[in-house]
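Heads up, the thing below is written out as structure tokens.
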Amino acid sequence: MKQVRSQGPEMPHDRPRSWAAMIVVGCLVMLFIAILLPPARLPLESSQPTRQGPPGGHSSGGARLESRRHPRLHSGATEALSTESAQEIVARRAAQFTRSRREVLHAIAAKLNIRVPEEIEAFFAVAEAGDWEQLRAIFKRLAAERTVRPHPPELDGLWAPVLATFNALEEVNSWPAEEYLDYGNAILDSLKPGMVYVGGTDPGRGIPELLNETNEGEKHVVITQNGLADATYMDYLRFIYGDRLSLPTPEQVQSAYTDYVADYQKRLAHDQQFPDEAKQVLPGERVGSDGSGDWTAVVKQGEQSIQVSGQVSCMLINERILQMILQANPDSPFGLEESFPLKSTYAEAAPLGPIMELRVPEGQDALTADSASQTVSYWQDRVQQLLADPASADSPDWLRAYSKMTDAQANLFAAHGLNAQAEQAFGLSLEVCPYATDAVLGYVNLLTSENRVEDALAVARSAARADPSSKLFQDLLSNLQGSPGAGSKSPR
């Protein structure tokens, strides 16, 4: 099989950035269809790590439920007794994490028999010193250099530990220390023994990764769904986790690319042959065209080179690679904090505290209407805690992070036909952040699938008031106002 290489860096994660914002045009076009047709799934979108536009919502997760699935948020069992302040704890562990990634980087360099460029050495020295502004400037220079062809090969071989360090420290700089510890420990405390954690958004990867690496207890395998299509990131995972996790070979990863292109071509042929049927090619998929955006790959199909680019295509490939990892590790439990809906994982998924557990067997832990309602109660409790905390008003990243978690579980409920619980979860996400793009579009899609156009209009109007500068919300509102059913009483 010919080699497939991604061009450009593994993109930084969601802030969380809305996958829906990448497909605005497609969503708006499909709204009219959604009202007339039977309920349909949301289009499979992507947020292969870029930092998205308008302020997105995030509600909080933590509850007073005496349940293994719903641990209460706190700042770590051992650190709660520490005399250090939260700021001191985070600063100490950030320096510790930086040293650990620097050691990994030098070990990779020794294995590859390559030198460490002076600029990368400077990056880690500044990171350990805690000079954020200088660190960001160095990172931008390194990232820009990687976009130039040719560039020193050392930048590719050593890029993954650089990016992991930057992602984690960016969250240190963005979050209040107490909220940083609260969020990260909520995720880590929810994980089962031996569980592999798959992060998605920027905080969902960066914060647990740093705290996991620097804790004194069990160290979980922590990966991100957003980097799997990047060859340098997969090399990094093989280096640090190859003895703990079965990972696809480079040839298997390449097959994910070629299988994706073949599947895209099949769906495109359907759309061309049956123009009156629902489109199978998703808005934002770019195959066989000039690359644009932050990610581009060239796929060899026989003698033909096919270019694949953009976040949607990249995330569809990431999803295929994640499925390979799941299949290769049948006995390992997996927890997921998603950056975009990985719908192929939904059939056997269930809430696990603020995140989701994948491959949940039938039985006590399987998703049911009762367990979904318990999860809604979990979020109701946490939203009350969040809104009662004066610090939340000054912590937009905190709000966005929790809203994304709530939105992800709402999507899971909707996929299982638990529409009442999905509606409640969407509402909680918007209670925290009324301008959360993912939650707005997901909620509108749910309501229009039930022919509740007036209710969908109310959600769109609220979002447009919350963020009047958003063209997405204005267009959404305009499309809904012109839809059949607007102005009529919504069925209940």
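The values are calculated or read from the model by the stated rules, or taken from the named source; none is laboratory data. What you see is a predicted model, and the numbers here were worked out from it, not measured in a lab. When we count neighbours, we look across all protein chains shown, and the Cβ atoms used for this are built from the backbone with ideal geometry, even at glycine. For the accessible areas, the whole protein counts, side chains as well, though only heavy atoms, and no ligand, DNA or RNA atoms are used. Shrake-Rupley method; radii C 1.70, N 1.55, O 1.52, S 1.80 Å.
Ordering Ser255, Ser403 by how much accessible area each has at a 1.4 Å probe, largest first, what is the list?
If we order Ser255, Ser403 from most to least accessible, we get Ser255, Ser403.
Stretched out fully, how many nm does the piece from Leu112 to Lys343 gain, at 0.36 nm a residue minus the Cα gap?
Taking Leu112 through Lys343 to full extension adds about 79.4 nm, to one decimal.
Could you compute how much accessible surface Asp276 exposes when probed at 1.4 Å, giving the result in Å² to the nearest 10?
Answer for Asp276: close to 150 Å² accessible.
How far apart, in nm, are two points set 7 Å out from the Cα along the Cα-to-Cβ line at Glu362 and at Gln384?
Placing both labels 7 Å along Cα→Cβ, they lie 3.7 nm apart.
If I stretch the segment between Tyr241 and Ala391 completely, what's the gain in nm (0.36 nm per residue apart, minus their alpha carbon distance), one decimal?
50.3 nm
Does segment 355-492 come out rounded, prolate or oblate by the C-alpha gyration tensor, with a ≥ b ≥ c the root eigenvalues, rounded set by a/c under 1.5 and, if not, prolate when a/b is larger than b/c and oblate if not? If you can, show how the numbers build up before the last one.
Values: a/c = 2.26, a/b = 1.21, b/c = 1.86.
Verdict is oblate for segment 355-492.
Jot down the radius of gyration and Dmax of segment 155-239, Cα atoms only, both in angstrom.
Values for segment 155-239 (Cα only, Rg and Dmax): 12.7, 36 Å.
Given a 1.4 Å probe and heavy atoms of the protein chains only, how would you sort Glu303, Glu154, Glu337, largest accessible area at the top?
Largest to smallest exposure gives the sequence Glu303, Glu154, Glu337.
Rounded to a whole number of µm²/s, how large is the Stokes-Einstein D of segment 306-347 at 37 °C and 0.692 mPa s, given Rh as the Kirkwood radius over C-alpha pairs?
Once the numbers are plugged in, D ends up at 283 µm²/s.
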